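What follows is a set of notes on a single structure, which appears directly below.
Each value in this text was obtained by applying a stated rule to the coordinates, not by laboratory testing. For clarity, every value in this text was computed on a predicted model and none was experimentally measured. All Cβ positions, glycine included, derive from the backbone under ideal geometry; neighbour counts span all protein chains shown.
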Amino acid sequence: MEGSITKHFLYSFVFLLAITSYINSSSADTRFLYRSSPKTANTEFIKTSCSSTKYPKLCYTSLVGHASLIRTSPKLLAHTALNVTLATTKSTSAVMLKMSKDSGMNPREVDAMQDCLEELSDSVDELRRSIGEMGQIKASNFEVMMSDIETWVSAALTDESTCSDGFKRNTVNGKIVRSRIVKIAHMTSNALALINSYASVHS
């Protein structure tokens, strides 16, 4: 009889231990899901938003690193896209300025490079103005400011396209410059699409 009671107690203890272990495991899984869900939601938001742009892969790769900042905010997404595009435009301008001083470039390419640098300088100014305006948007001035931002980003895109048109596709320097400018133009196009998307949400 005593052995039966002991065995019953042992079974009960093992069962209780198993239940406790399962509960703790489930709680840990829940905590893991809770921690990982926001990150997943953020990246999915960027991926979904970028799918409506003309260059979705470039859009996603250029913005996913800022997912924790963007979260699921259309405004922060558009704002970040502008900042990333501005940073890329400025770094490209610096590279092109260095290239323009390279003795390996022919006179025509040097002239085209100077013209292009002027276009990119205008583009940088327009992107900066757009970023500044984006940070001051309020409900009372939303439509006016969004119209200004869309105009400036469109102008920046035109400047970049004009810049790339000045280089021949069949020269080494021409291919290098065009590839860099085309990337900037694609990023600007994506930023404009995200800006338009943000504007439509509040229309």
message = Set the bar at 21 Å for Cα to Cα. Now go through 54/138; 57/138; 75/138; 57/98; 39/75 and name every pair that lies beyond it.
response = 54/138; 57/138; 57/98
request  = Please find the FRET efficiency linking residue 61 to residue 95, where r is the Cβ-Cβ separation and R0 is fixed at 25 Å, and quote it to the nearest 0.05.
outcome  = 0.80
ask   = Cα extents of region 87-134 along the three principal axes, largest first, in whole Å?
value = 42, 15, 9
key: Label-to-label distance, nm, for residues given as residue 197 and residue 73 (7 Å Cα→Cβ offset)   = 1.7
query = Stretch residue 54-residue 136 to full length: gain in nm at 0.36 nm per residue minus the Cα-Cα span?
reply = 26.8 nm
